[in-house]
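So the structure is just underneath, and the comments pick up after that.
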Amino acid sequence: MPVPARPVPLPFALTWTDVASCLPGFTSGGSAWLTYTKQGLHQGGPGNALLTLRYRDAHDHPQQRTLFVKEIRDPHLREAARYPYLADRGVPVARLLATVDHADAEVIMLEFLPTIGIGRDEADDMLTLAAMLNALTDIPQELFITQPGMPQDEFDTLVAEALARLTDSYPAVQPTGWLDAYRRAVESYHGLPRALTHGEFAPQQLGRTHGGQLVLFDLATAAERPRFADVANVLRPLSGYTGRSEPDLFATYLHLLEISGGKKLDVPSAWPELLLTRLVVMFESLPWLTSDDEHEPSARGVVHTIADDLATLNIDVHAR
């Protein structure tokens, strides 16, 4: 969202030498300005910024360029090498303009995307990005590092605590039975076919370039997971947003997956796998969604999705 421009220092220990390769015709000197602010949850967090860099080129003409700048400290979440890898394989991603490696962090500079998210008639474009990414199955593990997770027993405790917090507001929640169902679903989930997934696939991780192409960004969580993890996360909200049925959207995704080089699948055979994947993804979002009243609307939708999918999959939720 545009805001009145104000001067700011270059963030993340960057120098003008570091950003020079992003600025056509740059010779020396310049100023950094905050001209946009980010909307949404946490406004993007403290580790990134939208900067407009103003300078004069070799012909003394005034120039400016807006960049998205992000500092990444966790080695497991570093993104710089992932952008060219995916671009080389035809997956549309935001253009990486420069990278700076500090002793304790990586700083990446990406092209500014003037539009984030999708319109109601752009669901197929979003599903195309998911399909192109998920069609990749033979990926370098050292590039897409799976983050070390919490031991399953400890995470089960977090899910149990989240379910307990939900019981007063949602009579459908049966904490003991639902926890047992989650544990059984996780066992099956880890045996599902795997592919490269984004990990936080959602409209706020997509944007339009100045040329109008829809691209992916925020690749920190990209890793190999059960192949439907991305589409499982967005199918129901995308259905509500567009008015299209979930099976129709899923059929479109499966077709796009096939033409992107993935395996040929049909809705009847793949639907149980999708629901099982979604069940685990939804359960595993509950500890975060129940940590703050701000997330209550999202928690409500997740509870309803879990209840529906448990019933459709005919999973017994009575305590054993």
Quiz prompt | Mean shadow area of the range 64-106, taken as a quarter of the surface of its Cα convex hull (nm²) | solution = 3.7
Quiz prompt | Estimated dipole of the chain in Debye, rounded to 20 [Cβ of Lys and Arg +1, of Asp and Glu -1, Cα centre] | solution = 720
Quiz item: With axes computed from alpha carbons, what is the tilt in degrees of helix 246-259 against the longest principal axis of the chain, rounded to the nearest 10 within 0 to 90?
Solution: 60
Quiz prompt | Cα Rg, Dmax, the chain, angstrom units | solution = 21.7, 77
Self-check item: Extension gain, residue 60 back to residue 161 (0.36 nm per residue minus Cα-Cα distance, nm)
Solution: 30.1 nm
Quiz item: Counting each DSSP H run of 4 or more residues in the chain as -39500 (n - 2.57), what helix-only mean residue ellipticity at 222 nm follows after dividing by all residues, to the nearest 500 deg cm²/dmol?
Solution: -12000 deg cm²/dmol
Quiz item: To the nearest Å, what is the center-to-center distance of the range 177-205 and the range 256-319, using C-alpha atoms only?
Solution: 8
Practice problem: Could you work out the Kirkwood radius for the range 135-181, taking every pair of different alpha carbons, averaging 1/r and inverting it, reported in Å? | Solution: 13.3
Quiz item: Can you list, largest first and rounded to whole Å, the semi-axes you get for the range 180-320 by taking the square root of 5 times each eigenvalue of its Cα gyration tensor?
Solution: 25, 20, 15
Quiz item: Based on Cα positions only, what radius of gyration and what Dmax would you give for the range 176-222, in angstroms?
Solution: 16.6, 52
Self-check item: On Cα atoms only, tilt of 296-312 relative to the major axis of the chain in degrees
Solution: 40
Exercise. Pairs of Cα atoms under 8 Å, at least six residues apart: use those to get the relative contact order of the chain, whole percent.
Key: 16
Quiz item: Which whole-number percent is the relative contact order of the range 161-250 (Cα, under 8 Å, 6+ apart)?
Solution: 23
Exercise. Note down the net charge around residue 175, summing +1 for each Lys or Arg and -1 for each Asp or Glu among other residues with Cβ under 10 Å from its Cβ.
Key: -1
Quiz prompt | Per-pair calculated FRET efficiency, R0 = 25 Å: residue 192 and residue 266 via Cβ, rounded to 0.05 | solution = 0.90
Quiz item: In degrees between 0 and 90, to the nearest 10, how far off the longest principal axis of the chain does helix 175-189 point, with axes built from Cα atoms?
Solution: 70
Quiz prompt | Mean projection area, nm², convex hull over Cα of the range 198-238 | solution = 3.2
Self-check item: Candidate aspartates and glutamates for bridging to residue 70, where Cα separation is under 16 Å - those fewer than 8 sequence places away on the same chain excluded
Solution: 18, 79, 101, 104, 106, 111, 218
Quiz item: Counting Lys and Arg as +1 and Asp and Glu as -1, what is the net charge of the other residues whose Cβ lies under 15 Å from the Cβ of residue 216?
Solution: -3
Quiz prompt | Efficiency of FRET from Cβ geometry, residue 202 and residue 145, R₀ 25 Å, rounded to 0.05 | solution = 0.70
Quiz item: Over the range 114-226, what lengths in whole Å, largest first, do the semi-axes of the equivalent ellipsoid take, defined as the square roots of 5 times the eigenvalues of the alpha-carbon gyration tensor?
Solution: 32, 20, 13
Quiz prompt | Kirkwood Rh in Å, taken over all unlike Cα pairs in the range 212-260 | solution = 12.4
Practice problem: Pull out the extension gain between residue 122 and residue 73, defined as 0.36 nm times the separation in residues minus the alpha carbon to alpha carbon distance; nm, one decimal. | Solution: 14.2 nm
Practice problem: Run through all the Cα pairs of the range 1-139 and give the fraction in each 10 Å bin from 0, expressed as whole percent. | Solution: 10, 34, 36, 17, 3
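Here, each number is a calculation from the coordinates, and none is a lab measurement. All of these numbers come straight from a predicted model, not from anything done at the bench. Backbone-built Cβ (ideal geometry, glycine too); neighbour counts: all protein chains shown.
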